[in-house]
Amino acid sequence: MTAIDLDQQLVELRSAADAYAARHQFIPDLTWPEGVRIAVNLTCDFDAMLLRRLLNEPPMQLAKGEFGGRVGIWRLIELFDAHGVKATIFTPGRICELYPEALRAVVESGHEIADHMWEHRVPKDPGLEEDHLAKTVTALERITGRGPVGTRSSHSAALLRQYGFICRSERSADQRPYYEYDEGGGNGLANLPMHYVIDDAMYFNFNWLGTDASAQRITDPERVGDIWWAAFHQQYNVGGYLNVCMHPFQSGRALRIAMLDRLIGKMKTLPGVWFPTCEQVARHCIDRHPPRAGTL
Amino acid sequence: MPWKKGYTISDERSLADSELRWPDGAGCCVAMTVDLSVASGPEGVTADLTTPEALFGANQGLAALREVLRRHAMRATFAVPAIIAHIHRDLVRSLTAEGHEIAAHGFRHEDVSGLERDEERQRIVRTTEILADVTGGKPAGWFSLPRQGDRYAVGAVSPNTVDLLLEAGYLYLGTDWPTIFRIIGSATSQAAAPC
């Protein structure tokens with residue numbers, strides 16, 4: 001009796017693992033455009049106070065988030081422009097109403113604006129989920145003049161494809177860009193993986209994701225710069241990919257901007273470092289390493 | 001601006017770094033804030049006052065700090081709860097005499113986030129009176145610094161705090177974070193910017 005149950009568990013778990021693996025297509029032979037050894041996506045999650053608000057944090061926590069819209073995003077634009085690099089700003093639709101001037105400056109400088117949900121959450125109800133995505137697409141389009149093609153969210157792949165999205169930047173099943181498909185094997189999206197180790201919030205935030213103040217993590221920017229440089233350099237050596245996730249309310253602080261300035265400057269001293277937008281990376285992959293036919 | 005209500009109480013954009021100017025061509029401004037509260041929880045200063053640490057802070061600790069400030073000819077801003085000014089009247093007065101700024105730090109550095117508007121107003125008015133009586137002038141700034149036992153290291157305000165501070169004639173609200181932001185009125189009412 002017990003033995004039969006165990007065998008059944010083996011079958012079920014194996015089948016689940018196989019099905020999950022089949023929904024991912026890695027690109028082991030990934031190559032970049034002529035002369036490029038590594039693609040670095042500088043990405044910002046511009047949620048300002050929205051997530052703090054969603055978690056019912058007190059007003060002064062929201063005030064920290066507001067710093068990202070009032071100051072941080074402007075410093076980051078200035079930093080990227082000074083280095084002549086392109087970034088991707090994952091932007092909740094609601095930010096279009098709160099910080100329109102900053103977003104226009106992002107567009108003006110040629111950076112990409114991508115989706116980051118309406119107010120930093122994906123509703124469980126499918127009708128409401130579509131409402132949030134549609135509202136966000138419309139709001140971003142009004143600022144940029146065209147619909148977003150990338151997202152950092154858990155919106156369903158079918159819905160994203162319906163609205164013209166081609167890529168997502170979330171989670172990290174591989175260190176290089178790869179493709180994801182839905183349960184039916186369709187609705188492909190390129191994933192430009194980001195990892196929390198290369199996320200400023202892991203190092204610079206009090207009370208991250210509901211932790212107590214006593215669990216605060218404030219790291220010396222120099223140390224963060226060292227960790228990120230090591231990650232960059234390892235990927236540089238293997239011809240890979242790096243996605244740096246920054247929050248304007250965290251990385252927009254002066255010392256951290258200075259650290260990023262040194263880090264980007266140091267990356268640029270090596271030959272073959274490409275700083276494209278996420279859309280550019282996705283289009284390159286789709287063109288050079290196509291996904292399964294008819295999925296994207 | 002109704003779309004900002006419940007989301008933001010500050011300007012959409014600050015001065016750019018390149019636009020910032022200090023008097024006499026100074027390249028940087030260093031402001032020192034000294035927290036004279038001994039509160040550890042949301043109720044504000046309580047029996048914390050009768051601890052060895054509180055006694056040290058009011059005597060040798062503060063004296064040593066003042067000596068350093070004096071040696072470097074530096075002035076600081078002391079965030080003082082009304083109850084502390086009431087108990088250590090001469091001490092606080094002597095700080096004013098040395099050129100330091102005395103700013104308000106609540107009636108007893110209590111958590112005001114759940115207070116009724118009228119009660120918070122009364123506390124602000126009484127705090128202002130006590131500090132003005134001790135120092136000889138109304139304080140210009142109001143602080144709400146975090147306490148060591150707080151869940152969030154940011155300091156607590158209520159939805160009415162900014163409005164009530166404007167009404168009471170305050171010029172700035174200081175927080176723990178390096179953002180002494182310009183009060184532009186809360187999201188609930190469009191009060192004029194005082195500075």
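Laboratory data are not the source of any read-out in this text; all were calculated from the coordinates shown. Given the structure is predicted, the values throughout are model-derived calculations rather than measurements. Glycine also receives a Cβ, built like all others from the backbone with ideal geometry; neighbour counts cover every protein chain displayed.
When the Kirkwood hydrodynamic radius is evaluated over all pairs of different C-alpha atoms of segment B:37-102, what value in angstrom, to one decimal, is obtained?
Taking every pair of different Cα atoms in segment B:37-102, averaging 1/r and inverting gives 12.6 Å.
I'd like the Karplus ³J(HN,Hα) series for segment B:159-172: coefficients 6.51, -1.76, 1.60, θ = phi - 60°, whole numbers in Hz, and an x wherever there's a Gly or Pro.
x, 9, 4, 5, 4, 5, 5, 4, 4, 7, x, 6, 9, 8
For segment A:90-233, give me the percentage of DSSP beta bridges that are antiparallel, rounded to the nearest 5 percent. Before the final figure, lay out the partial values.
Values: 3 of 10 bridges.
For segment A:90-233, the DSSP antiparallel bridge percentage is about 30.
Can you give the longest stretch of chain B with no exposed loop site, where a site means GluC sites (Glu not before Pro) in a DSSP loop (not H, G, I, E or B) with at most 12 other C-beta atoms within 10 Å?
That gives B:1-97 as the longest site-free run.
Short version: ³J(HN,Hα) in whole Hz for each residue of segment A:284-296, in order, from phi by Karplus 6.51 cos²θ - 1.76 cosθ + 1.60 (θ = phi - 60°), x for Gly and Pro, what are they?
Rounded to whole hertz, the list is 4, 5, 4, 6, 8, 10, x, x, 4, 4, x, 9, 8.
Please get the size of the charge dipole for segment A:1-78, origin at its Cα centre, with Cβ charges of +1 on Lys and Arg and -1 on Asp and Glu, quoted in debye to the nearest 20. Mind showing how you got there, number by number?
On the way: 8 positive and 11 negative charges, 101 e Å.
With only Lys, Arg, Asp and Glu charged at Cβ, the dipole is about 480 debye.
Using the Cα centre of segment A:148-296 as the reference point, and only Cβ charges (+1 on K/R, -1 on D/E), how large is the resulting charge dipole? Debye, rounded to the nearest 20.
320
What does the charge count near A:LYS266 come to, summing +1 for each Lys or Arg and -1 for each Asp or Glu among other residues with Cβ under 14 Å from its Cβ?
-1
Using the number of other C-beta atoms within 10 angstrom as an exposure proxy, rank A:MET259, A:MET117, B:MET1 with the fewest first.
Working: A:MET259 21, A:MET117 25, B:MET1 11.
Least crowded to most crowded, the residues run B:MET1, A:MET259, A:MET117.
What's the local net charge at A:PHE232, with K and R +1, D and E -1, over the other residues with C-beta under 13 Å away? Numbers along the way, then the final one.
On the way: positive: A:ARG37, A:ARG262, A:LYS266, A:LYS268; negative: A:ASP226.
Net charge around A:PHE232: +3.
Considering every residue in A:96-106, what mean count of other chain Cβ atoms within 10 Å of its Cβ is obtained?
2
What is the mean number of Cβ atoms from other protein chains located within 10 Å of the Cβ atom of each residue in peptide A:66-73, rounded to a whole number?
5
Taking a 29 Å limit on the Cα-Cα distance, which of the listed pairs A:LYS64/A:LYS86; A:LYS135/A:LYS266; A:LYS64/A:LYS268; A:LYS268/B:LYS4; A:LYS124/B:LYS5 fall beyond it?
Values: A:LYS64/A:LYS86 26 Å; A:LYS135/A:LYS266 40 Å; A:LYS64/A:LYS268 31 Å; A:LYS268/B:LYS4 40 Å; A:LYS124/B:LYS5 26 Å.
Long pairs (Cα-Cα over 29 Å): A:LYS135/A:LYS266; A:LYS64/A:LYS268; A:LYS268/B:LYS4.
Taking 0.36 nm per residue of sequence separation and subtracting the Cα-Cα distance, how much length would be gained by fully extending the chain between B:LEU65 and B:ALA31, in nm to one decimal?
Contour length minus Cα-Cα distance gives 10.7 nm.
Compute the distance from the alpha-carbon center of segment B:70-129 to that of segment B:1-46, in whole Å.
17
May I ask you to list the residues of segment A:196-217 whose amide nitrogen lies under 20 Å from a point 7 Å from Cα along the Cα→beta-carbon direction of A:GLN234?
Hits in segment A:196-217 for A:GLN234 at 20 Å: A:196-204.
Tell me, A:TRP274, A:TRP208, B:TRP3 in order of fewest to most beta-carbon neighbours within 10 Å?
B:TRP3, A:TRP208, A:TRP274
Restricting things to Cα coordinates, could you compute the convex hull volume per residue of segment A:23-124 in Å³?
It is 136 Å³ per residue.
Report the one residue of A:LEU98, A:LEU192, A:LEU133 whose Cα lies farthest in the direction of the positive end of the charge dipole of chain A (charges on C-beta: Lys and Arg +1, Asp and Glu -1; origin at the Cα centre).
Sorting the options by dipole projection puts first A:LEU98.
Rounded, prolate or oblate for segment B:1-114? Axes are the square roots of the Cα gyration tensor eigenvalues, ordered a ≥ b ≥ c, and the cut-off for rounded is a/c under 1.5.
oblate
Work out the FRET efficiency for A:ARG37 and A:TRP208 from their Cβ-Cβ distance, taking R0 = 30 Å, and round it to the nearest 0.05.
Working: r = 33 Å, r/R0 = 1.11.
Computed FRET efficiency for A:ARG37 and A:TRP208: 0.35.
What are the ³J(HN,Hα) values, in whole Hz, obtained from phi via the Karplus relation 6.51 cos²θ - 1.76 cosθ + 1.60 with θ = phi - 60°, for each residue of segment A:6-21 in sequence order, with x given for Gly and Pro?
Once rounded to whole Hz, the list reads 5, 4, 4, 4, 4, 4, 5, 5, 5, 5, 5, 5, 5, 5, 5, 4.
Using only Cα atoms, find the angle between the long axis of helix A:73-83 and the longest principal axis of chain A, and express it within 0 to 90 degrees, rounded to the nearest 10.
That works out to roughly 90 degrees.
Among A:GLY68, B:SER14, B:SER40, which residue has its Cα furthest toward the positive end of the charge dipole of the protein assembly as shown, with +1 on Lys/Arg Cβ and -1 on Asp/Glu Cβ?
Working it through, the farthest residue towards the positive pole turns out to be B:SER14.
What share of the DSSP beta bridges in the protein assembly as shown is antiparallel, in percent to the nearest 5?
15
Rg(Cα) of chain A divided by 2.2 N^0.38 Å?
Values: Rg = 19.8 Å, N = 296, 2.2 N^0.38 = 19.1 Å.
This ratio for chain A stands at 1.03.
For n ≥ 4 DSSP H runs only, could you compute -39500 (n - 2.57) per run for chain B, divide by its residues and tell me the 222 nm figure to the nearest 500? Please report the intermediate quantities before stating the final value.
Values: 6 runs with 56 residues, N = 195.
About -8000 deg cm²/dmol.
Return the FRET efficiency for the residue pair A:ALA82, A:ILE4: r is the Cβ-Cβ distance, R0 is 56 Å, and the value is rounded to the nearest 0.05.
The formula returns an efficiency of 0.25 here.
Could you give the dipole magnitude of the protein assembly as shown about its Cα centre, charging the beta-carbon of Lys and Arg +1 and that of Asp and Glu -1, in debye to the nearest 20?
Details: 50 positive and 62 negative charges, 199 e Å.
For the protein assembly as shown, the charge dipole is close to 960 debye.
For each of B:CYS28, A:CYS278, A:CYS245, count neighbouring Cβ atoms within 10 Å of the residue's Cβ, then give the residues from fewest to most.
B:CYS28, A:CYS245, A:CYS278
When you count, for each residue, the other Cβ atoms within 10 Å and take the mean per peptide, how do A:37-47, A:95-105 rank with the highest first?
Final packing ranking: A:37-47, A:95-105.
Out of all DSSP beta bridges in chain B, what portion is antiparallel? Express it as a percent rounded to 5.
10
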